Each structure stands twice: as C-alpha cells, then as structure tokens.
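Notes follow once the structure below has been shown.
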Amino acid sequence: MRIQDSLKFWRSKSGAEVDCVIEHRENIFPMEVKFSSLKNPKISRSMRSFIDAYRPEEFVFLNMSLEETVEVGRTLLLFATPVGLQAWLNRILKY
C-alpha cells in the first residue's frame, strides 16, 4: 500500500491559522512561516490552538534568525531558519 503525503493549511472556526501542515505516513507536522528576525521564541494563539487540538510531536516556526527548541506540553516547538528547515525536512521525511 502506498502512503500519500499532503500539504495543507489549517484554520479553526474561531479564526486561528497555521500556514502549512505536512501529512506524512499518518503523522502531522505543522509549520508557521514568518519573514522576520526573532530574538526570542514566541508562541502565537494559533500555534497554541493547533497544539492543544492535535498534539503533534513537533511544530516548526520558520523565521530568519532564531534556531531554538522549546517544549510545549509534549510537542517540540522548533524555531528554525531556512538552513535548519532543510535538515528538519530531511529528518521527518525519512520517518
């Protein structure tokens, strides 16, 4: 049986949004994308809503400067730059 990957976005009824949700081998990997330089990790209302609703193992926040990992409950929140994003994608797609 072949597993079909997909790339989607998510929006709650209350208007919270996540830019991308990668579905790969029955796992979900949400990603928020901002073209900004972050100094500190910040968890948005939308990110918190998604984590509370779906409890993903990992959530990536793509930005231009911050490389850091924070735990939110059982979810690893990875703040990654474009270079770090490539390594993350290589790792999750080998799942």
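Residue selection: VAL83 satisfies the criterion of being of a type in the set (A, V, I, L, M, F, W, C) and part of a helix (DSSP H, G or I). In this entry, ILE28 passes the filter for residues that are among the hydrophobic types (A, V, I, L, M, F, W, C) and either assigned to a helix (DSSP H, G or I) or touching an Asp or Glu at 6+ places or on another chain (Cβ under 9 Å) (or both).
Listed here are the residues, each with its yes/no results for (1) in a strand (DSSP E or B); (2) of a type in the set (A, V, I, L, M, F, W, C); (3) open to solvent by 60 Å² or more (accessible area, probe 1.4 Å); (4) in contact with a Leu (Cβ under 6 Å, 6 or more places away or on another chain).
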| residue | (1), (2), (3), (4) |
| --- | --- |
| LYS8 | yes, no, yes, no |
| LYS13 | no, no, yes, no |
| GLU23 | yes, no, yes, no |
| LYS39 | no, no, yes, no |
| ASP52 | no, no, yes, no |
| PRO56 | no, no, no, no |
| PHE59 | yes, yes, no, yes |
| MET64 | no, yes, yes, no |
| LEU78 | yes, yes, no, no |
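This table checks each residue for (1) acidic (Asp, Glu); (2) in contact with an Asp or Glu (Cβ under 6 Å, 6 or more places away or on another chain); (3) under 19 Å from ARG11 (Cα atoms).
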{"site": "TYR54", "(1), (2), (3)": "no, no, yes"}
{"site": "VAL60", "(1), (2), (3)": "no, no, yes"}
{"site": "ASN63", "(1), (2), (3)": "no, no, no"}
{"site": "GLU71", "(1), (2), (3)": "yes, no, no"}
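Scanning segment 25-37 for residues being surrounded by fewer than 17 Cβ atoms within 10 Å (Cβ to Cβ) and either over 15 Å from LEU85 (Cα atoms) or not β-branched (Val, Ile, Thr) (or both) gives a total of 7. Against the list (1) over 12 Å from the mean Cα position of the chain (by Cα); (2) surrounded by 14 or more Cβ atoms within 10 Å (Cβ to Cβ); (3) not basic (Lys, Arg), the condition SER46 fails is (1).
The values are calculated or read from the model by the stated rules, or taken from the named source; none is laboratory data. Remember, it's a predicted structure, so these values are computed and weren't measured experimentally. Every residue, glycine among them, receives a Cβ derived from its backbone with ideal geometry; neighbour counts consider all protein chains shown. Heavy atoms of the whole protein, side chains included, go into the accessibility calculation; ligands, DNA and RNA do not. Shrake-Rupley method; radii C 1.70, N 1.55, O 1.52, S 1.80 Å.
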